[in-house]
Amino acid sequence: MTASVLLLHGIWNARAWVGPLAWRLRARGFQVETFGYSSVLGGPDVAVPQLLQRLQQRGPVSLVGHSLGGLVALEALRQDPGLQVERVVCLGSPLRGSGTARILAEHGWAAALGRSSELLLDGLPDWQGAAKVGLIAGCVPHGLGSLLGALEGDSDGTVALAETRLPGLADHCVVRCSHSGLVFSLDAARQTAQFLRHGRFHPGQASAAA
């Protein structure tokens with residue numbers, strides 16, 4: 001298993017946002033780089049080609065994406081299934097579409113989502129790619145979605161647990177933190193490292209794969 005990892009941030013963030021997670025993964029022996037992109041003004045139409053170009057110019061790597069970053073990572077792999085990407089970890093990514101994004105759009109705040117709105121609203125089709133994909137979800141409901149009343153059932157405050165369960169995932173687990181907290185969480189970093197090395201999460205925190 002390659003120790004090379006590329007981190008992708010979420011919407012309204014910059015690459016520095018994933019710095020705490022990068023630090024924890026480096027401490028566990030991974031070679032970590034970050035991928036920055038314009039999540040609002042550029043969106044996936046710009047970010048995905050940029051990511052594809054970067055991945056096509058390098059050897060084997062694994063991807064870790066927080067929120068929208070996970071969607072961008074998987075969309076890139078859908079467009080080029082031959083990329084040398086072995087494993088992908090999505091942190092709180094609304095792979096089946098975001099109720100929070102839907103409420104924002106319905107109340108006239110679609111501009112806040114910019115050119116990422118379509119991917120956030122629609123999510124992705126069932127995963128059928130070669131890369132193993134694991135999803136780490138939070139369960140502490142502190143976030144924008146909770147404030148807007150956009151979420152039903154368990155959530156991390158921004159993304160509902162049900163929105164993270166995409167058919168085709170290799171594994172799925174839940175850690176006790178909020179959506180934003182996933183990039184700062186020791187448990188999330190530990191589970192990320194576990195999946196990158198073994199293609200499965202630690203037993204005990206893992207939930208049934210979607």
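With the condition being more than 13 Å from the chain's Cα centre (by Cα), I'd like the strands (runs of 3 or more DSSP E) fully within region 50-145 carrying at least 2 qualifying residues.
Values: elements: 61-66, 85-91, 132-138.
Those strands (runs of 3 or more DSSP E) span 85-91.
Counting just the residues of region 13-35 that are over 14 Å from the mean Cα position of the chain (by Cα) and assigned to a loop (DSSP other than H, G, I, E, B), which one comes out modelled with the lowest pLDDT?
Once the filter is applied, the top-ranked residue is 14.
Go through region 36-49 and count every residue that is without any contact (Cβ under 8 Å) to a residue 40 or more places away in the chain, closer than 14 Å to residue 68 by Cα and assigned to a helix (DSSP H, G or I).
First pass over region 36-49, keeping only residues without any contact (Cβ under 8 Å) to a residue 40 or more places away in the chain: 36-38, 47-49.
After this cut, where a residue has to be closer than 14 Å to residue 68 by Cα as well, the list is 36-38, 47-48.
Filter once more, keeping what is assigned to a helix (DSSP H, G or I): 47-48.
The qualifying residues number 2.
Checking the condition within 12 Å of residue 166 (Cα to Cα), at pLDDT 95 or above and open to solvent by less than 20 Å² (accessible area, probe 1.4 Å), which residue from 91, 77, 95 passes? First the steps, then the outcome.
On the way: 91 fails: within 12 Å of residue 166 (Cα to Cα); 77 fails: within 12 Å of residue 166 (Cα to Cα).
It is 95.
Could you say which residue among 145, 138, 168, 129 is at pLDDT 90 or above and crowded, with 23+ Cβ neighbours inside 10 Å? First the steps, then the outcome.
On the way: 145 fails: at pLDDT 90 or above; 168 fails: crowded, with 23+ Cβ neighbours inside 10 Å; 129 fails: crowded, with 23+ Cβ neighbours inside 10 Å.
None of the other options fit; the residue is 138.
Output the residues belonging to region 76-101 that are of a type in the set (D, E, K, R) and touching a Leu at 6+ places or on another chain (Cβ under 7 Å). Outline the logic, then answer.
Going through region 76-101, the residues of a type in the set (D, E, K, R) turn out to be 78, 80, 86-87, 96.
Once the filter is applied, which keeps residues that are of a type in the set (D, E, K, R) and touching a Leu at 6+ places or on another chain (Cβ under 7 Å), region 76-101 yields 80, 87, 96.
Pull up region 10-47, narrow it to residues that are open to solvent by less than 60 Å² (accessible area, probe 1.4 Å) and in contact with a strand residue (DSSP E or B) (Cβ under 6 Å, 6 or more places away or on another chain), then point me to the one that is nearest to residue 92 (Cα to Cα).
Per the stated criteria, the residue is 10.
Mind checking which pairs have a first residue in region 109-137 that is of a type outside the set (Val, Ile, Thr) and a second that is in a strand (DSSP E or B) and open to solvent by 20 Å² or more (accessible area, probe 1.4 Å), Cβ under 7 Å, 6 or more apart or different chains?
Once the first residue is of a type outside the set (Val, Ile, Thr) and sits in region 109-137, its partners that are in a strand (DSSP E or B) and open to solvent by 20 Å² or more (accessible area, probe 1.4 Å) give 131/86; 131/87; 132/87; 137/174.
The values are calculated or read from the model by the stated rules, or taken from the named source; none is laboratory data. The structure presented is a predicted model; accordingly, all values stated were derived computationally and were not measured. For neighbour counting, all protein chains shown are included, and Cβ atoms are generated from backbone atoms with ideal geometry for every residue, glycine included. Side chains are part of the model used for accessible areas, which takes the heavy atoms of the whole protein and leaves out ligands, DNA and RNA. Shrake-Rupley method; radii C 1.70, N 1.55, O 1.52, S 1.80 Å.
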